[in-house]
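Working notes, beginning with the structure itself.
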Amino acid sequence: MLRRALLVLALALGLTSAAQAQPQPLTVFAAASLKNVLDEQGAAFTAAGGPPVRFSYGASSAMARQIEQGAPADLFLSADVDWMSYVAGKGLIVPGSRRNLLTNRLALIAPAGSTVKLTVAKGMPIGRALGDGRLAIAAPEVPAGRYGRAALAALGVWPQVRDRLAPAENVRAALQFVARGETPLGVVYDTDARVEPGVRIVGLFPETSHPRILYPAAILKRSANPAAARFLAFLQSPRGRAIFQKYGFTVLR
């Protein structure tokens, strides 16, 4: 009996040690527009010796509110500075860890088989190009939706489209409206259009027509995972920069 008890104890201790030796997965909340590139970043980080990375994607506004409500996450990557500042204002990020990682372009897209031609410029006849359809665009509280509305207003074409919108919960949902042919045109990020074969880019909006698109990242204060800092450093490393550039993002120094 004593021998059996000792064997059970040894086995239990061995299992505990093995569990403790397993690296703790990293949880990252990120803007929906980063899905493809971050999936590859996570795989590359793990292959280089880091722990597995679990991602939760959505509108930056939704991610920020989930973090505020106590959702367990180690890192936050937003598609604009405002929602990162919102989280920072609640005292939820590690001081000094915030970094502006990337920038992007805003694109007007159409279904891949569409023949529509339109020069993205002041006074463009976007209403006529829509025909009887609607313009897919992310909701106004979502960064892509805010950038898109600002660009349409700056080009003087907002009155043509304001009553003809197909609002989406995030930029990837707007992308799918167009890819499925549910809307003839949409406003998304350039990088979204590049990874979706169901759409084509009609044109890019002038960078001066909207606030600069910035993707900040920060470690969350409730994180106890030391790999959070390692993954943030990896994203800024030569390997991480190359992956971002592969997907069309402009990497900031």
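The values are calculated or read from the model by the stated rules, or taken from the named source; none is laboratory data. All values derive from a computational prediction rather than experimental measurement. Counting neighbours? That spans all protein chains shown, and the Cβs are built from the backbone with ideal geometry, glycine included. Just the protein is used for accessible areas: all its heavy atoms, side chains included, with ligands, DNA and RNA removed. Shrake-Rupley method; radii C 1.70, N 1.55, O 1.52, S 1.80 Å.
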Here the residues within region 215-252 that are open to solvent by 80 Å² or more (accessible area, probe 1.4 Å) and either in contact with a helix residue (DSSP H, G or I) (Cβ under 9 Å, 6 or more places away or on another chain) or of a type in the set (Ser, Thr, Tyr) (or both) are Arg222, Arg230, Arg239, Lys246
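Just wondering, is there one or more residues in region 156-165 that are farther than 24 Å from Asn36 by Cα and open to solvent by less than 10 Å² (accessible area, probe 1.4 Å)? Working first, answer last.
Going residue by residue through region 156-165, those that are farther than 24 Å from Asn36 by Cα are 156-165.
Within this subset, residues satisfying the condition of being open to solvent by less than 10 Å² (accessible area, probe 1.4 Å) are 157, 161.
Checked against the condition, which is being farther than 24 Å from Asn36 by Cα and open to solvent by less than 10 Å² (accessible area, probe 1.4 Å), region 156-165 yields at least one hit.
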Considering every residue within region 56-68, establish whether at least one is closer than 26 Å to Ile243 by Cα and open to solvent by 50 Å² or more (accessible area, probe 1.4 Å).
-> yes
Could you pull out the residue among Arg212, Arg194 that is open to solvent by 10 Å² or more (accessible area, probe 1.4 Å), within 15 Å of the chain's Cα centre (by Cα) and under 24 Å from Ala30 (Cβ atoms)?
-> Arg194
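Here is a check on your reading of the model: is Phe177 farther than 30 Å from Ile93 by Cβ and either touching a Leu at 6+ places or on another chain (Cβ under 7 Å) or part of a helix (DSSP H, G or I) (or both)?
yes
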Filter region 178-188 down to residues that are buried (at least 24 other Cβ atoms within 10 Å of the Cβ) and either among the small types (Gly, Ala, Ser) or within 19 Å of the chain's Cα centre (by Cα) (or both) and give me whichever is farthest from Ser61 (Cα to Cα).
-> Val178
Restricting attention to region 210-245, which residues are in a helix (DSSP H, G or I) and either within 24 Å of Gly91 (Cα to Cα) or among the hydroxyl-bearing types (Ser, Thr, Tyr) (or both)?
-> Ala227, Ala228, Ala229, Arg230, Phe231, Leu232, Ala233, Leu235
Residue in region 33-44 that is nearest to Tyr147 (Cα to Cα), counting only those that are open to solvent by 10 Å² or more (accessible area, probe 1.4 Å) and in contact (Cβ under 8 Å) with a residue 12 or more places away in the chain = Lys35
Working carefully through the options Ala179, Ala217, Ala224, find the one that is at pLDDT below 95 and not basic (Lys, Arg).
-> Ala224
Would you call Leu15 among the aliphatic types (A, V, I, L, M) and either within 20 Å of the chain's Cα centre (by Cα) or at pLDDT 95 or above (or both)?
-> no
For region 141-154, name all the residues that are surrounded by fewer than 19 Cβ atoms within 10 Å (Cβ to Cβ) and either touching a residue at least 12 places away in the same chain (Cβ under 8 Å) or within 15 Å of the chain's Cα centre (by Cα) (or both).
-> Glu141, Ala150, Ala154
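Go through region 84-120 residue by residue and tally those that are among the hydrophobic types (A, V, I, L, M, F, W, C), over 25 Å from Gly198 (Cβ atoms) and open to solvent by less than 30 Å² (accessible area, probe 1.4 Å). Explain how you work it out, then say what you get.
Filtering region 84-120 down to residues among the hydrophobic types (A, V, I, L, M, F, W, C) leaves 84, 87-88, 92-94, 101-102, 106-110, 112, 116, 118, 120.
Adding the requirement that they be over 25 Å from Gly198 (Cβ atoms) leaves 84, 87-88, 92-94, 101.
Next cut, open to solvent by less than 30 Å² (accessible area, probe 1.4 Å) only: 84, 87, 93, 101.
So the answer is 4.
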Of the residues in region 197-209, those that are crowded, with 16+ Cβ neighbours inside 10 Å and in a loop (DSSP other than H, G, I, E, B) come to Phe205
Matching residues in region 74-112 - criterion: being in a loop (DSSP other than H, G, I, E, B), over 19 Å from Val142 (Cβ atoms) and touching a residue at least 24 places away in the same chain (Cβ under 8 Å) | Asp74, Gly91, Leu92, Val94, Ser97, Arg98, Ala112
